[in-house]
Amino acid sequence: MKVKVVLVSLGIAGIVAFLFYRSMWGMLVWPLVHMVLYRIWNVKMQRKRVQELRQQFMYSLQVLNAALQAGYSMENAWKEVEQEVLLLYGENNELYQAIRKMNSSIALNNPVEKLFANVAYDFQIEEMIQFSQIMEFGKKSGGNWKQIIDGTVSRMLERYEAQREIEVVIAGKKMEQQVMSWMPLGILVFLQFSSWQYISILYESLLGRIIMTVCLGIYVVALFLGEKIMDIQV
């Protein structure tokens, strides 16, 4: 993926050099482009990881709840979760590794609610932290595990599905924003190939290059503002 980021950043730098400067000197922006793009890539990869973990955890909750309703103890229910997560996501899955380690500690008579709390805070997934707090509350209150977990899982799944629906709506708007972001470059390409005589002065004089640099700066700021506005977390 690092190679992909390098190639994409080189491509973007090449587009900037051609469209805004018509000179290889424009490639000097590549280090800055690479640095910004690499940071954006890291943020997106982290968000993707969190989304995948949330989805996997929601599935795990359903398996856990089904096992509890079938009469399993909390400790044995987590063993069922381990097996199901292994079958669905494989042994290299991050959540599976954590659950397997947790079950190994449960076998040594360590309290399951404390062990899961450690897992939740390691992953820093909101739903996992909330569920760990419910588990600790249920243990301290001595309530009915089945009833507490069943109600909690139902509410968390309803909320998760509502969030997924919102994300679908937002995804459509983000696509529209991305299309709008490419339009200025499309117009610039059109002008370069259809009306070069009218815009050539922007590439052949010092004042023209300053104007194009200012336009590039405004365009970049507009891109970041657009991304910021559409960066809606649900």
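The values are calculated or read from the model by the stated rules, or taken from the named source; none is laboratory data. These numbers were taken from a predicted model, which means no experiment stands behind them. Reconstructed Cβ throughout: ideal geometry from the backbone, glycine too, with neighbour counts over all protein chains shown. Just so you know, the surface numbers come from the protein's heavy atoms only, side chains and all, with ligands and any DNA or RNA stripped out. Shrake-Rupley method; radii C 1.70, N 1.55, O 1.52, S 1.80 Å.
Would you mind telling me which numbered condition in (1) over 30 Å from Glu227 (Cβ atoms); (2) more than 24 Å from the chain's Cα centre (by Cα) Phe18 fails?
(1)
What are the pairs, 6+ residues apart or on separate chains, where a residue within segment 84-111 that is under 24 Å from Lys140 (Cβ atoms) and free of Cβ contacts under 8 Å to residues at least 60 places away in the same chain has its Cβ under 6 Å from a residue that is surrounded by 13 or more Cβ atoms within 10 Å (Cβ to Cβ) and of a type in the set (Lys, Arg)?
What qualifies is Asn103/Lys79.
Within the set of pairs 6+ apart or on separate chains, which have a first residue in segment 159-172 that is at pLDDT 80 or above, a second that is part of a helix (DSSP H, G or I), and C-beta atoms under 7 Å apart?
Listed pairs, sorted by first residue: Tyr160/Met58.
Given the criterion surrounded by 11 or more Cβ atoms within 10 Å (Cβ to Cβ), within 32 Å of the chain's Cα centre (by Cα), among the polar types (S, T, N, Q) and under 25 Å from Ala17 (Cβ atoms), identify the matching residue among Ser205, Ser154, Ser181.
Step by step, each of Ser205, Ser154, Ser181 is checked, and only Ser181 is surrounded by 11 or more Cβ atoms within 10 Å (Cβ to Cβ), within 32 Å of the chain's Cα centre (by Cα), among the polar types (S, T, N, Q) and under 25 Å from Ala17 (Cβ atoms).
What about Asn144, is it modelled with pLDDT under 85, open to solvent by 70 Å² or more (accessible area, probe 1.4 Å) and over 28 Å from the mean Cα position of the chain (by Cα)?
Criteria met by Asn144.
I'm trying to understand the selection: among the residues of segment 2-45, which are open to solvent by 90 Å² or more (accessible area, probe 1.4 Å) and assigned to a helix (DSSP H, G or I)?
Lys2, Val3, Lys4, Leu7, Met24, Trp25, Leu28, Leu32, Met35, Arg39, Lys44
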